[in-house]
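J.: The structure is given below, and queries will be raised subsequently.
What follows draws every value from the coordinates through simple rules; no lab data is involved. Bear in mind the structure is a predicted one, so any value in this text is a computation, not a measurement. Backbone-built Cβ (ideal geometry, glycine too); neighbour counts: all protein chains shown.
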Amino acid sequence: MVLDYIKRVDPEVAGLIDAELKRQQTTIELIASENFTSRAVMDACGSVLTNKYAEGKPYKRFYNGCDNIDKTEELAQKRAKKLFNMAHANVQPHSGAQANMAVFMAVLKPGDNVLGMDLSNGGHLSHGSPVNFSGLYFNVKSYGVDENGSLDYDDVLKKAKEHKPKLIICGASNYSKIIDFKRFRQIADEVGAYLLADIAHIAGLIAGGVHPSPAGFAHFVTTTTHKTLRGPRGGIIMCDEEFAQTIDKAVFPGMQGGPLEHIIAGKAVALLEASQPEFKVYAQNIVKNAKALAQGLLDNGMEIVGGMTENHLMTLDLRNTGKTGKDMANVLECVGITANKNTVPNDPRSPFVTSGIRLGAAAATTRGFDEFAMREVAFIISEAIKNSENKEVLEKLREKSLALCKKFPLYETMKEG
Ligand SMILES: *Cc1c(COP(=O)(O)O)cnc(C)c1O
C-alpha cells in the first residue's frame, strides 16, 4: 500500500500518517485555507524529483543533470501564465508568505512605505503585521473593512494619499466579498504606487471564472497553490515581463536556495487540473456551497460578518451569543467539524480568544458536498454552538457529521493500516 515503505522503516511516522488520513476522512473540513489535493499531485510531490538540486532558472542552472527538472518547471510556468493570463511566472516560492517577501525584496528598500490590509480585518501577516518581516522592516499603514464587512475604497484612497506608499497590497485571508482590482489599480496609479494582488485564497475561484482576475490591473500577483487552487503547499509569483528579472533575482539568490522541484511538479499537475472544464464546475460549486452554508447559518439565527458571502468563505460573528471563537472552535471539533477561531472587525477579544469563527467551503466541495449537505452542516454548527454545554446533543451532532462524511467519501482507495 501507499505507506508500505514508511511502515517498514518507520512505523511510528507511518502510524501518524495513517491516523491523519482517518481524521481527514471522518471529519468535515471547513478551514477556509485548506483543501484536499489529488492523488496525482501527491504522487508528483512524493517523487524522485525531491533528490535534485536545481538552483537557478530552467536552462540556466548552477548544477548539471537538470534536463527533466527544466522541462517540468517550464511546464509549471507555462501553465501558471496561461491560467492566470500573466506574462511571467516564478513557481519557486516555497510558500505564499515567501512569494510576498520576494515582491517586497524586488521593489522596496527597508523603511519604504507600504499600504496593506489590517490583519484583524482580514489581511495576512505578510501584508505588514508588526510581528512579521513586512511590518518589522517596512513602514506599513493599514486599511480595514467598514461595519458591513466591506472594503471602503474611498478610505483606501485617503490612506494612500496620506501615506504615499511605494507598494499597495490587496487580497485577503478573511474577506467574503468580491475584490475590485480595477479600483485598487486606480488608487495605486493616483499615488504612484505598485499594486500587489495577493490571491492566495481566491486563486481557484479566479481560475474557475467565478471571481474577477487581477490580470491587467496588478503589477504583481502572488498566490499560494494549496488553498482553493487545490495544489500542493507552495507559492507562485506572477508579473509583467518588465519585472521578470527583478522578481526572479529576489527569489533566487535573494531569498531561497534550491527550489523544491518535486513540489513544482505537483504545482504543474494542479495547474493542469485547474485548467480543465471540471474545475470550472468545482469553482462554481464552491461558491454555491458557501452561500448555502451562509444561508443555513442565517436561517438558524446566527450572525455572519457582512451577511451573505460572495466567495468561498465567511466569518461567524459570535458576539451576540456571548461565546468565544476559541471555545466554539473546540466545540465544533467535538462534533467532527474543523474550523479556526478568527477575530471579527473591531473584535473586543484578543486574537487568541476572538469572537469569530472562519468557515470555508472549498475542502468540503472537493469531497462532493452539495448545497443540501451544506445546509445540514449549517444546522450542526448552529445547534452545537447553542448547545455547547449539552454533551448528549453534541454526541448526536457528531453522528450526523460522521454520516455526511460517509456519504461523501474522501481518498476512498487510500486504505489505512
Ligand atoms: C495563506 C496566505 C498567505 C501565506 O501562505 P503560506 O503558504 O502560509 O505562507 C499569504 N497571503 C494570503 C492572503 C494568504 O491567505
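J.: Compute the signed sum of charges (Lys and Arg +1, Asp and Glu -1) over the other residues within less than 12 Å, Cβ to Cβ, of residue 226.
T.: Details: positive: 227, 230, 233, 267; negative: 34.
Within the 12 Å Cβ shell, the charges total +3.
J.: Would you work out the relative contact order for region 261-417, in percent, from Cα pairs under 8 angstrom that are 6 or more residues apart?
T.: Dividing the mean separation by the residue count of region 261-417 yields 24 percent.
J.: Here's something else I'd like to know. Cα-based Rg of region 115-154 per 2.2 N^0.38 Å, rounded to two decimals?
T.: 1.16
J.: Next question. For the chain, what's the relative contact order in percent, using C-alpha pairs closer than 8 Å and at least 6 residues apart? Spell out each step's value before the answer.
T.: Details: 865 pairs, mean separation 91.1, N = 417.
Once divided by the residue count of the chain, the mean separation gives 22 percent.
J.: Over 26 Å between Cα atoms: which of 177/400; 267/406; 159/249; 323/396 fall into that group? Please list the in-between numbers first.
T.: Values: 177/400 30 Å; 267/406 29 Å; 159/249 31 Å; 323/396 21 Å.
In this structure, 177/400; 267/406; 159/249 lie more than 26 Å apart at Cα.
J.: I'd like to verify something in the chain: which complete DSSP H helices, judged by Cα projection on the helix axis, reach 18 Å or more and average at least 0.0 on the Kyte-Doolittle scale?
T.: The answer, listed by residue number, is 261-274, 371-386.
J.: Given the chain, what percent of its DSSP beta bridges are antiparallel, to the nearest 5?
T.: Of those bridges, close to 55 percent are antiparallel.
J.: Now for a different question. What trypsin sites (Lys or Arg not before Pro) in region 373-417 are in a loop by DSSP, with at most 14 other Cβ atoms within 10 Å of the Cβ?
T.: Passing sites in region 373-417 are 415.
J.: Give me 239, 334 ranked fewest to most by other Cβ atoms within 10 Å of their Cβ, as a rough exposure proxy.
T.: If I rank by nearby Cβ atoms, fewest first, I get 334, 239.
J.: Scan region 342-385 for GluC sites (Glu not before Pro) in coil per DSSP, keeping those whose Cβ has at most 16 other Cβ atoms within 10 Å, and list them by number.
T.: Values: sites: 371, 376, 383; in loops: none.
Filter output for region 342-385: empty list.
J.: Oh, and also: Per q in 0.10, 0.17 1/Å, what log10 I(q)/I(0) does a Debye calculation on the alpha-carbon atoms of region 192-324 return?
T.: Evaluating at q = 0.10, 0.17 Å⁻¹ gives log10 I(q)/I(0) of -0.45, -0.99.
J.: Please rank 211, 127, 94, 262, fewest neighbouring Cβ atoms within 10 Å first, as an exposure proxy.
T.: Going from sparsest to densest Cβ surroundings: 94, 262, 211, 127.
J.: Let me ask something additional. Mind checking the alpha-carbon convex hull of the chain and giving the volume per residue in Å³? It would help to have the intermediate numbers written out before the result.
T.: Values: hull volume 58.2 nm³, N = 417.
Spread over its residues, the Cα hull of the chain gives 140 Å³ apiece.
J.: Ratio of Rg to Rh for region 73-159, alpha carbon only, Kirkwood? Don't skip to the end; give the middle numbers.
T.: Numbers: Rg = 15.3 Å, Rh = 14.6 Å.
Taking Rg over the Kirkwood Rh, I get 1.05.
J.: Also: Taking a quarter of the surface of the Cα convex hull of region 1-131, what do you get in nm²?
T.: On the way: hull surface 50.1 nm².
About 12.5 nm², averaged over all directions.
J.: Give the order of 4, 112 when sorted by the count of other beta carbons within 10 angstrom, beginning with the fewest.
T.: Listing 4, 112 from fewest to most nearby Cβ atoms yields 4, 112.
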